[in-house]
Amino acid sequence: MITTLHELIRERIDYRLARPTRIHKLPTEPNGGLWIKREDELSSGISGSKLRKYASLLPFLKKSGTEVVGMIGGPNSNNLVGLAQILREHSIHPLAFIREAADPKRRGNALLLDMLLTQSEVRFVPRDQWSSVLALAHSETARTSTQYHILPEGAWGLESLFGAMSLAEDLLRNEKEEGTTFQRLYHDSGTGLGAIGLILGLEAILGPEAIKREIVVTLIAGKEAEFKTGLETMRANLREELAIESPDRVALRFLKPPVCPKFGSVNKSLIDETRNIARSEGLLMDPTYSSKHYLAAKADFAANSEQPKSLFILNGSALGLCGFQDALSS
Ligand SMILES: *Cc1c(COP(=O)(O)O)cnc(C)c1O
């Protein structure tokens, strides 16, 4: 059975960035019904799903001779922190358009961004102007170079999707190595591109076999309808760009976080749960995405009595904890 992506996709991915990651049983599920994929181990400073996106985005930027990247995001964006690192490494100039923060304190990702970017590389955009940030980014970035590229929030776009699809490939490698199959996969979602990469990757590789898989998406940000629109947009883009069809569909289901469902919101219970997860699983999870995703997936797994063999995908990075030190220690 073929377990790799189409050559047209593989040649767009730098596999030194989209490296293999391991899977193991969750210690709280000794029967082995729920495993975890350690995408957090892809990088010490860039969250896992982001690095997979950059694995195809970066080759595209270099090939097209991009000199400046206008990048867009909130003050606590993992994507901006990741892009700032990888663009710097490759001597591509970043210009960040950051939504003005409600919290003026420099902590967490806002602090890391401040470390990575000089003042001239940052534009703070007032909240009431945020709806026109894309146009602003285009006009401002174009002034710095004719060779520029604009990245929307989450590095959304087909150039990032190819790399995101490598998760499907690596997961099938894990299965082969362990001699097992995961019928249910838990993935978190912000803009949705990471989960969409997994879905389209599995469909592209598995063909008719894809219908046996269920992808359960935890909506950390965004709505189910938006996710589905994004999925169909990317499906159509793949077809137009590479003539790659994916007629066979995985089953899809959506979860909301059981605590602090509003994106970016945190309360004591979430902080307490984050500590519980560390003590029970030995995992340092970022509260913004991973703890919420974990709580949603664990509850779902417990509630589904038939419990097919399931895999929890951990995209977060422990760096995401650094904005929460005060909350964790009080
Ligand atoms: C950015 C991020 C996401 C969201 O990824 P999308 O591709 O925008 O859905 C999910 N989890 C973690 C840990 C992230 O850093």
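Observations on the model:
- Take every DSSP beta bridge whose two residues both sit in the chain; close to 10 percent of them are antiparallel.
- Rounded if a/c under 1.5, otherwise prolate or oblate - segment 91-211, Cα gyration tensor axes: prolate
- Annotation: average projected area of segment 211-274 is 5.8 square nanometres, based on the convex hull of Cα atoms across all directions.
- Normalised by the number of residues in segment 1-144, the mean separation of alpha-carbon contacts (under 8 Å, six or more apart) gives a relative contact order of 19 percent.
- The Rg/Rh ratio of segment 215-330, with Rg taken over Cα atoms and Rh as the Kirkwood radius over Cα pairs, comes to 1.05.
- What segment 38-109 shows is 37 Å² of accessible area per residue, with the surface traced by a 1.4 Å probe over protein heavy atoms.
- Cross-link table K37/K256; K62/K176; K63/K176; K228/K298; K176/K223; K53/K292, entries beyond 30 Å C-alpha to C-alpha: K62/K176; K63/K176; K176/K223
- When you restrict to C-alpha pairs under 8 Å that are six or more residues apart and normalise by the size of the chain, the relative contact order lands at 23 percent.
- Long-range tail of P(r) for segment 11-149 (Cα pairs > 23 Å, %): 43 percent
- Per-selection Rg to Rh, segment 251-308 - Cα, Kirkwood hydrodynamic radius: 0.99
- Residue ranges 196-205, 277-286, 117-126, 243-252 sort as 196-205, 277-286, 243-252, 117-126 when ordered by packing (mean number of other C-beta atoms within 10 Å per residue, highest first).
- Separation of alpha-carbon centers, segment 170-229 and segment 230-304, rounded to whole Å: 11 Å
- Debye intensity ratio I(q)/I(0), log10, segment 4-84, q values 0.16, 0.23, 0.27 Å⁻¹ (C-alpha model): -0.76, -1.12, -1.26
- Max-minus-min Cα coordinates of the chain on each principal axis give 57, 54, 34 Å, with the largest extent listed first.
- Accessible carbon and sulfur surface of the chain relative to its total accessible area, %, 1.4 Å: 52 percent
- Sequence ranges 59-66, 308-315, ranked by mean other-Cβ count within 10 angstrom, highest first: 308-315, 59-66
- In summary, the helical segments of the chain meeting the span-like criteria, namely a full DSSP H run, a Cα extent along the axis of 24 angstrom or more and a mean Kyte-Doolittle hydropathy of at least -0.5, are 158-178.
- Normalised contact order of segment 204-330, rounded percent, pairs of Cα under 8 Å and 6 or more residues apart: 26 percent
The values are calculated or read from the model by the stated rules, or taken from the named source; none is laboratory data. All figures in this text were calculated on a predicted structure; none of them were measured in a lab. Cβ atoms come from the backbone with ideal geometry, glycine included; neighbour counts cover every protein chain shown. What goes into the accessible areas is simple: the full protein's heavy atoms, side chains included, and nothing from ligands, DNA or RNA. Shrake-Rupley method; radii C 1.70, N 1.55, O 1.52, S 1.80 Å.
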